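Structure record follows, encoded as structure tokens.
The values are calculated or read from the model by the stated rules, or taken from the named source; none is laboratory data. This structure is a prediction, so every number in the text was calculated from the model and none was measured. Backbone-built Cβ (ideal geometry, glycine too); neighbour counts: all protein chains shown. Calculation scope for accessible area: heavy atoms of the full protein, side chains included, ligands and nucleic acids excluded. Shrake-Rupley method; radii C 1.70, N 1.55, O 1.52, S 1.80 Å.
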Amino acid sequence: MAATSGKLRPPFRLLLLLLAAAVARSVDGVELTLLTGAREKGTVCLDGSPPGYHLQRGFGSGEHSWFIHLQGGAWCNTIEDCSKRKMSAYGSSKFMRAVEFNGILSNDQQLNSDFYNWNRVFIRYCDGASFSGDGEAQDQDGSTLHFRGLRIWEAVINELMGKGLATAKQAILSGCSAGGLAALLHCNDFYARFSKEVSAKCLPDAGFFLDIEDLSGERHMWSVFNGTVHLQNVREVLSKDCLTKKDPTECFFPAELVKSITAPTLILNSAYDSWQMDPFLDSHGPVAKLTFGIAVPHKSKNKFVDDVEIVKDKKDWGLFIDSCFTHCQTPFNISWSSQASPVLGSKTVAEAVGDWYFERSYEVKEIDCEYPCNPTCSSQLPT
């Protein structure tokens with residue numbers, strides 16, 4: 001979401017359309033569960049409505065295994081942005097509907113052999129600050145804008161703990177885009193909820209946003225994050241060590257977050273993430289000018305590799321950094337496990353995640369060659 005307006009950039013509009021299509025097809029979708037006692041707890045979406053989640057119960061060998069996915073959907077970093085956002089499912093549960101579970105959330109064993117029978121949860125994103133804000137503001141019409149993402153995270157996880165998450169033997173916290181950033185922000189809290197006997201890990205997907213100058217010399221993501229951090233008061237979720245040394249906005253970036261995460265984590269991302277590249281679309285598709293430096297194609301990849309350097313030596317961590325022009329690879333069937341799924345180290349996305357989580361390989365730490373070298377990067381992948 002742009003720093004100065006509520007307009008979504010073209011590739012992100014396309015991603016939202018794909019997500020909306022999944023909801024629209026959800027005749028047999030997973031129904032929405034509204035958080036119990038939300039208003040009494042002050043745990044509400046931007047507009048004051050109760051937050052929600054979708055839960056599909058596990059079975060068989062997956063009965064005591066849990067996969068938690070935090071929905072993405074950019075951020076709102078101004079009063080105007082948040083005011084517009086509250087009139088959608090990204091700011092109000094009044095607009096939320098049933099959701100079809102695809103990709104890593106699918107219950108199809110052929111498509112999702114490692115996690116198909118787990119308890120799978122899709123937590124809806126309705127605060128606009130990656131489940132991290134704690135404050136409020138007056139909207140332009142005089143009503144209250146509720147910045148309660150942190151309370152939503154805590155309350156929904158607590159409710160799920162009472163529904164069986166507390167007795168999990170295996171657990172993964174994941175998320176896509178802004179939800180991937182949220183998975184990083186809450187990874188330590190999630191991990192600390194379980195005993196050492198529980199295999200609890202984190203899987204941020206397309207959540208590694210870069211602080212990098214665009215072609216005009218502006219730091220776009222810094223501007224977006226700076227507005228979000230200060231408008232919605234996200235300090236509580238940031239590393240205390242980082243805050244003693246750096247600006248809160250810098251501490252909101254994944255490059256700083258990974259320094260303080262103690263849980264085993266696999267970073268799944270494209271080094272040429274299509275949303276961060278921000279192509280201006282014309283009638284023929286992406287044009288040459290890309291805000292994040294496609295004119296110098298490898299600038300963003302070099303920055304990405306530098307930022308994840310610390311991960312290479314972290315035990316039990318993983319990397320799956322492909323060079324495909326895409327954004328979010330776990331929630332879609334095509335990118336998760338299909339003939340069009342990106343391949344690194346002879347593994348698809350699904351195979352790499354499974355091998356990392358179940359420790360079937362010595363390690364999964366793959367960084368792709370420079371774009372456009374990888375022949376498995378399909379034009380069919382979601383952008």
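Assorted remarks:
- Filter result (farther than 11 Å from Pro382 by Cα, aliphatic (A, V, I, L, M) and in contact with a Pro (Cβ under 8 Å, 6 or more places away or on another chain)) within region 309-353: Val349
- Those strands (runs of 3 or more DSSP E) of region 65-149 in which 2 or more residues are within 25 Å of Ala350 (Cβ to Cβ) and modelled with pLDDT of 95 or more occupy 65-70, 119-123.
- Checked against (1) within 17 Å of Phe304 (Cα to Cα); (2) touching a Ser or Thr at 6+ places or on another chain (Cβ under 8 Å); (3) not in a loop (DSSP other than H, G, I, E, B), Gly354 meets all criteria but (1).
- Under the condition of being within 17 Å of Asp273 (Cβ to Cβ) and surrounded by fewer than 21 Cβ atoms within 10 Å (Cβ to Cβ), the residues counted in region 335-375 number 8.
- Annotation: Phe304 fulfils all but one of (1) modelled with pLDDT of 95 or more; (2) in contact with a Phe, Trp or Tyr (Cβ under 8 Å, 6 or more places away or on another chain); the unmet one is (1).
- Selection within region 150-175 - in a loop (DSSP other than H, G, I, E, B) and farther than 26 Å from Leu266 by Cα: Lys163
- Among the residues of region 237-247, the one identified as open to solvent by less than 20 Å² (accessible area, probe 1.4 Å) and not aliphatic (A, V, I, L, M) is Cys242.
- Test: residue in region 43-54 that is among the polar types (S, T, N, Q), under 29 Å from Gly135 (Cβ atoms), open to solvent by less than 20 Å² (accessible area, probe 1.4 Å) and touching a helix residue (DSSP H, G or I) at 6+ places or on another chain (Cβ under 7 Å): yes
Residues checked against (1) within 16 Å of the chain's Cα centre (by Cα); (2) open to solvent by less than 40 Å² (accessible area, probe 1.4 Å); (3) closer than 27 Å to Thr144 by Cβ:
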residue: Leu185; (1), (2), (3): yes, yes, yes
residue: Tyr191; (1), (2), (3): no, no, no
residue: Glu197; (1), (2), (3): no, no, no
residue: Leu203; (1), (2), (3): yes, yes, no
residue: Ser216; (1), (2), (3): no, no, no
residue: Arg235; (1), (2), (3): no, no, yes
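- Enumeration of residues in region 217-251 that are polar (S, T, N, Q), in contact (Cβ under 8 Å) with a residue 12 or more places away in the chain and in a loop (DSSP other than H, G, I, E, B): Asn233, Ser239
- Some residue of region 312-333 being in a helix (DSSP H, G or I) and loosely packed, with under 15 Cβ neighbours inside 10 Å: yes
Listed here are the residues, each with its yes/no results for (1) charged (D, E, K, R); (2) touching a helix residue (DSSP H, G or I) at 6+ places or on another chain (Cβ under 7 Å).
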{"position": "Lys312", "(1), (2)": "yes, no"}
{"position": "Trp317", "(1), (2)": "no, yes"}
{"position": "Thr348", "(1), (2)": "no, no"}
{"position": "Val364", "(1), (2)": "no, yes"}
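- Among the residues making up region 357-383, those that are touching a Lys or Arg at 6+ places or on another chain (Cβ under 8 Å) and not in a loop (DSSP other than H, G, I, E, B) are Tyr357, Lys365, Glu366.
- Against the test of being of a type outside the set (Ser, Thr, Tyr), open to solvent by 20 Å² or more (accessible area, probe 1.4 Å) and touching a Pro at 6+ places or on another chain (Cβ under 7 Å), the options Asn102, Asn107 yield a single qualifying residue, Asn102.
- Candidate set: region 252-293, residues that are assigned to a helix (DSSP H, G or I) and at pLDDT below 95; chosen: the one farthest from Glu359 (Cα to Cα): Met277
- Hits in region 254-275 (condition: open to solvent by 10 Å² or more (accessible area, probe 1.4 Å) and either out of contact with any Cys (no Cβ under 8 Å at 6 or more places or on another chain) or over 21 Å from Thr228 (Cβ atoms) (or both)): Ala255, Thr262, Pro264
- Residue check, Asp114 touching a helix residue (DSSP H, G or I) at 6+ places or on another chain (Cβ under 9 Å) and buried (at least 20 other Cβ atoms within 10 Å of the Cβ): yes
- Exactly one residue out of Ser143, Ser174, Ser132 is surrounded by fewer than 24 Cβ atoms within 10 Å (Cβ to Cβ) and at negative phi: that is Ser143.
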